[in-house]
Amino acid sequence: MEQLQLLQERLTKLGYTAHVFATGDAAKDYLLSAIPASDSVGVGGSMTVQQLGLAEALRARGQNVYWHWGVPAQEANEMRRLASTADSYLCSANALLTDGRIVNIDGFGNRLAATIYGPKKVYMIVGKNKIVSGGLDAAMDHIKNVSCPRNAKRLQLKTPCAAAGRCMDCASPDRMCRAVLILERKPNSHPMEILLVDEELGF
Ligand code: SF4
């Protein structure tokens, strides 16, 4: 918890509004109170959002939620586009460095784009397992050798990391590492809240 509080201070200095929550459920309750019921909500591919059941909770109160997961492939790009211009946008991070830098990798780039421009407000939920000390090299090592292999296996992608459990710098059509975004500070385009959670969420 102490590490999360230090990160909260650091992120606040970098322009974000940062919160610390003991549990994912507490973060979910906060989001359901913070996001106006009239907002449309976009979601970037996020196992964390899925774990917390946020899309279901928002839809249950009548909100439009734009999320490409589980949508037929021919409709997924339209869903990504709608998500990127929603009132509120929910996503997670692949890695949060202890100095406050946030690193994300995408195959399509929709989450990267929406994080920095498009929605009116962005909420990023970060479990403690995403916190990385040791700089950008450590963050990339974590993403390529922990996050991506586990996600590839979960999504049944045909990438070598899904089988080997580590990055092989592949040329697979399913390669999920095609663009990298490093946030050094909050982008000027919109308000952004970081929800730090003292639980493991996502990969
Ligand atoms: S480059 Fe390919 S093998 Fe390496 S982590 Fe990305 S998808 Fe997996």
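Put simply, the convex hull of the Cα atoms in the range 87-142 casts, on average, a shadow of 4.0 nm².
Candidate cross-link partners of LYS13 among the aspartates and glutamates, defined by an alpha-carbon separation under 14 Å and a same-chain spacing of 8 or more, comprise ASP99, GLU184, GLU193.
Listed by chain and number, the lysines whose alpha-carbon sits under 20 Å from that of LYS28, ignoring those within fewer than 8 places in the same chain, are LYS120, LYS121, LYS128, LYS130. Given R0 = 22 Å, the distance between the Cβ atoms of ALA22 and GLU56 translates into a calculated FRET efficiency of 0.50. For the pair GLU200 and GLN74, a Förster radius of 41 Å applied to the C-beta separation gives a FRET efficiency near 0.75, rounded to the nearest 0.05.
Note the full-extension length gain between LYS120 and ASP141 as 0.36 nm times their separation in residues minus their Cα-Cα distance, in nm to one decimal. Each step should come with its number before you reach the end.
On the way: separation 21, 0.36 × 21 = 7.56 nm, distance 3.20 nm.
Full extension of this stretch gives 4.4 nm more.
Largest GNM mean-square fluctuation among GLY45, GLY53, GLY118, using the chain with Cα springs under 10 Å: GLY53.
Less than 12 Å Cβ to Cβ from LEU90, Lys/Arg counted +1 and Asp/Glu -1: what total charge do the surrounding residues give? Around LEU90, the surrounding residues sum to 0. Of the chymotrypsin sites (Phe, Trp or Tyr not before Pro) found in the range 1-66, no site is in coil according to DSSP while having at most 16 other Cβ atoms within 10 Å of its Cβ. Label-to-label distance for ASN64 and ARG150 is 3.4 nm, based on points extended 7 Å past Cα in the beta-carbon direction.
Which length gain, in nm to one decimal place, applies between SER133 and ILE182 when the Cα-Cα distance is subtracted from 0.36 nm times their residue separation? Can you show the working numbers first?
On the way: separation 49, 0.36 × 49 = 17.64 nm, distance 1.50 nm.
Once the chain is fully extended between SER133 and ILE182, it gains 16.1 nm.
Here's the list of lysines a cross-link from LYS158 could span, going by alpha-carbon distance under 18 Å and ignoring same-chain residues fewer than 8 apart: LYS144.
Read-outs throughout are calculated quantities, based only on the coordinates presented, and are distinct from any laboratory measurement. Here the structure is a predicted model, which is why all the values come from computation and not from measurement. A quick note on method: Cβ atoms are made from the backbone with ideal geometry, for glycine too, and the neighbour counts reach across all protein chains shown.
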